[in-house]
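Values quoted throughout were computed directly from the atomic coordinates according to the rules given, and no laboratory measurement underlies them. Here the structure is a predicted model, which means the values were calculated and not measured. All Cβ positions, glycine included, derive from the backbone under ideal geometry; neighbour counts span all protein chains shown.
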Amino acid sequence: MHRLRTCAARLRPLTASQAAQTVGQQRPVTITSTGGTRTFQPIRCYTAPVASEPFLNGTSSNYVEEMYYAWLENPKSVHKSWDVFFRNANAGAPPGAAYQSPLGLSAASGLAGPQLSSLVGAQPNVEKLVEDHLAVQSLIRAYQIRGHHVAQLDPLGIMDADLDSCVPTDIITSSDKLGFYGLDESDLDKVFRLPTTTFIGGSESALPLKEIIRRLEMSYCQHIGVEFMFINDLEQCQWIRQKFETPGVMQFTLEEKRTLLARMIRSTRFEEFLQKKWSAEKRFGLEGCESLIPALKTIIDKSSENGVENVIMGMPHRGRLNVLANVIRKELEQIFCQFDSKLEAADEGSGDVKYHLGMYHRRINRVTDRNITLSLMANPSHLEAVDPVVQGKTKAEQFYCGDTEGNRVMSILLHGDAAFAGQGIVYETFHLSDLPSHTTHGTVHVVVNNQIGFTTDPRVARSSPYPTDVARVVNAPIFHVNADDPEAVIYVCKVAAEWRATFHKDVVVDLVCYRRMGHNEMDEPMFTQPLMYKQIKKQKPVLQKYAEKLIAEGAVSRQEYEEISKYDKICEEAYARSKDEKILHIKHWLDSPWPGLSRILKGRGEMIRNRTVDWALGEYMAFGSLLQEGIHIRLSGQDVERGTFSHRHHVLHDQNVDKRICIPMNHLAPDQAPYTVCNSSLSEYGVLGFELGFAMASPNALILWEAQFGDFHNTAQCIIDQFICPGQAKWVRQNGIVLLLPHGMEGMGPEHSSARPERFLQMCNDDPDVMPNITEDFAVRQLYDCNWIVVNCSSPGNYFHVLRRQILLPFRKPLIVFTPKSLLRHPEARSSFDEMLPGSHFQRLIPEGGVASERPEEVKRLIFCTGKVYYELTKERKNRGMEGTVAIARMEQLSPFPFDQVKAESERFANADLVWCQEEHKNQGYYDYVKPRIRTTIQRAKPVWYAGRDPAAAPATGNKNTHLMELKRLLDNAFGLDAFKDQQ
């Protein structure tokens, strides 16, 4: 830091001609002195600090330097006291001697001559005094800039919210750090005048140093961390300082505390009720961030008070049901009905799972007694995809009601921490925030910061200190707050709503919390975050802590708390009403997750002893064999280390030591190739592009990207359409990247069911109407001519072979693999070691090998299928006793199409009708691709009947009962004798 001696010593040797260069200039001036060459902007006028104490009012060294050059240009542009100081300094006064007490100033300012000698030694400590005051100002500024780095934000007390345990050098944590500012313990009791850029003094203009530090710590280093000093607007910075620095600003009335307690009770008890009634259902509950509900209600209350009539919200899964119940105020019985598998589907459309649904509701805000309309928009599982949709709807509502300033209509966006940092659409949406045709005049962003993404540690999920750093690009203030301090949360939300109403700009509230359950209620988080979840199990719920606090304060009595807590009764009554509206109410209980990692490893050992493999072990053996052959393997994607479905476990975590891990596949052999398996940030577009580039540079490595669910490739469609599919045709660049896309209709709703195989098949470059010339090298030649390979393996053994084939081919083609979900643990989806021994290979089509193959002439129906539906077909065939009359062939490689093998199978069962069966809807899946190719193969000698779901707009129904009915219907069609009359 420059000291005041810069003026008294370094700048003193300026000559008169150099000084004259600055006079009257309207452009920047460059001056060379012993201090170096500097360029200064012309400054016309300076207002002096307090006349009686010119140096001590928080003056920075830069300010003094600029004043000096302003004085050179016009001595009258500065206060008389500064005029005297600069005259003495330029006249040759030594450091510390240029100061003249204002009391000694005469009307004439020519003090540089005879009076100079009287000044020397008159104020021997004045320079130290000035420097100390400047140091205190720097100290205050340091807390304003970096205090959030040491704020107590993590409720668990184990993680630094900024991912850095280091304390900034300029933050005072002990008396020995005072030396950074040139201060020591003896200065702690000295009184310093406060600059105008702080409000910690309240009505006081000066404070002892130790009190200054204490108040700064209370303002910036407790349960609230404030990021705002990057904002380049003085008014906005001053506004925020006043909100957080003013002593006693965080005071709540008894009524406010009781309201907050009641809202915390509703938030907590709602989740407890759902857990009690539907413990085996996914609901993406809010446990660990129960303060979100009072936070949102506070934002809405304050905004309503400021004139807002319409609030449009978007949010991901977590806490959505609670928000619907306790913020939007959807009837509880309607929410409880969503857990009923017998719920009737809508007349049109597929419906969706309950934690994707939205709602519109107009009601009276009880705090302000004003009407308010609340909208929660439906959201897919592409977590942040709803952001621009919400903003567009908000803009439209503002436009149509003539709200040109955003005073009546506003938006609130909720985010998860991993998605907020990882999804590029967040950045894009922020950059719409101040564009004339897109601005919604300020959005309140609320981040539910679990400090983890699905299973991915934040330390490998982002490069920025905070997940919210993307908001800095638009100078949005960011308020971090410990979510286990409800009062701090409420205060921050009040300030956020007031900011939006005052400045009509975006603001971010970062609720630093934790996730008491796993990613969903069926997930086991101890596999990958053992230390965090050991602490979570010991963590006292926030409601209990806050209730105890209020009882201790006397704000409520124990009896009053019990009275307020009777929310269970409301839920039970609503639950009874929800059953009355249904004929039958049945719970579908899901399988429990595996209780421990050792069981997984023991299970794999048992399979090896039995010489069988499941899907995960088949992949493991494929990778292991290639690594031992010197092939580098890189597997990337969201949660690939453990696997989305807790099946892979390629990284083992020490259950007692943080960050101590083991990757067993890197310890197979001394001369093996390395195996890289890495969880990625919550991004598809960026990560898939990165892995594509990696594959381009590494043709001798097996590069795989796995989507968390198959339909997640939607947000990477640009990479697929522009680079992967046509890459060789456009740029003559082969690429061997592998896309692993979990796929299968399992009754889980339109999201996460379909990897959209029809899209990939539509982009395949083979001709459906031309029967190729079948030669000895036909299979390899097909692979060489295609633009990519599309497979849907039904056995671990075949998956093992297709992965090995991908890298052992003498050329490179992208490989699209529709991987399973339920088949990962299906007892029949097993392969023996014999299917993977030398001499075995990938089967493009697995022919019928059962009873039907013994007398092929008696077979009445040949069903072609692919993937998971094969197991449902074989089970149904057995139940119907049709194993001798119906043959089933599995098409494992869809593209390039196995013309030769389809021809052979069709000729083997020459008397059979041909049926294509799929679990997907008719306008989706594989039917439109395979039908013309099968007909070309058999020279259109007979029809190819369809058995599957009817055409639909959505990939799958969101209703479990409808899903089962559709499955029964497609199986009836596959085996029913008269099923295809309507198709004629």
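The table that follows gives values for the structure above.
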read-out: Estimated FRET transfer efficiency when R0 is 51 angstrom, pair LYS579-ILE774 (beta carbons, to 0.05); value: 0.25
read-out: Length-normalised contact order of the range 758-911 in % [C-alpha pairs under 8 Å, at least 6 apart]; value: 30
read-out: In order through the range 221-227: 3J(HN,Hα) via Karplus (6.51 cos²θ - 1.76 cosθ + 1.60), integer Hz, x for Gly, Pro; value: 10, 9, 8, 10, x, 10, 10
read-out: Karplus-derived HN-Hα couplings along the range 512-522 (A = 6.51, B = -1.76, C = 1.60, θ = phi - 60°), whole Hz, x at Gly and Pro; value: 7, 9, 8, 10, 5, 8, x, 3, 9, 6, 9
read-out: Residue-wise HN-Hα coupling along the range 741-750, computed from phi with Karplus coefficients 6.51, -1.76, 1.60 (Hz; x: Gly, Pro); value: 10, x, 8, x, 7, 10, x, 9, x, x
read-out: Restraint check, LYS393/LYS821; LYS494/LYS569; LYS276/LYS545, Cα-Cα greater than 24 Å; value: LYS393/LYS821; LYS494/LYS569
read-out: Sorted by Cβ neighbour density within 10 Å, fewest at the top, the residues GLU758, GLU905; value: GLU758, GLU905
read-out: Assigned charges on the beta-carbon of Lys, Arg, Asp, Glu; the range 254-564 dipole about Cα centre (debye); value: 500
read-out: Greater than 30 Å apart at Cα, pairs in LYS813/LYS931; LYS860/LYS931; LYS931/LYS968; LYS243/LYS566; value: LYS243/LYS566
read-out: Alpha-carbon centroid distance for the pair the range 666-725 / the range 842-863, whole angstrom; value: 37
read-out: Cα centroid of the range 447-474 to Cα centroid of the range 517-573, whole Å; value: 25
read-out: Ranked by how many other beta carbons lie within 10 Å on average, peptides 609-617, 311-319 from highest; value: 311-319, 609-617
read-out: Residues PHE230, PHE864, PHE270, sorted so that the one with the fewest Cβ neighbours within 10 Å comes first; value: PHE230, PHE864, PHE270
read-out: Dimensions in Å of the range 254-564 - Rg and Dmax from alpha carbons; value: 18.9, 55
read-out: Partners for LYS903 among aspartates and glutamates (Cα-Cα distance below 19 Å; same-chain residues under 8 apart left out); value: ASP766, ASP767, ASP769, GLU776, ASP777, GLU848, GLU854, GLU857, GLU858, GLU892, ASP913, ASP928
read-out: Three-way shape label, the range 672-794, alpha-carbon gyration tensor, a/c 1.5; value: oblate
read-out: Separation of alpha-carbon centers, the range 216-286 and the range 159-204, rounded to whole Å; value: 26
read-out: Gyration tensor verdict on the range 849-983 (Cα atoms; rounded if a/c is under 1.5, prolate if a/b is larger than b/c, oblate otherwise); value: oblate
read-out: Proximal charge balance of ASP184 [Cβ under 15 Å; K/R count +1, D/E count -1]; value: -2
read-out: The range 615-836 shape via C-alpha gyration tensor axes, a/c threshold 1.5; value: rounded
read-out: Protection proxy ranking, peptides 639-649, 444-454, 801-811, average beta carbon neighbours within 10 Å, highest first; value: 444-454, 639-649, 801-811
read-out: Order of VAL738, VAL556 under a 10 Å beta carbon neighbour criterion, fewest first; value: VAL556, VAL738
read-out: Protection proxy ranking, peptides 486-492, 818-824, 713-719, average beta carbon neighbours within 10 Å, highest first; value: 486-492, 818-824, 713-719
read-out: All aspartates and glutamates inside 13 Å of LYS540 as judged from Cα atoms, apart from same-chain residues fewer than 8 positions distant; value: GLU287, GLU290, ASP484, ASP485, GLU548
read-out: Cut-off 15 Å (backbone N to label point 7 Å along Cα→Cβ of HIS431), residues of the range 667-691; value: 686
read-out: Eligible aspartates and glutamates near LYS579 by straight Cα distance, threshold 15 Å, same-chain separation 8 or greater; value: GLU331, GLU333, ASP340, GLU344
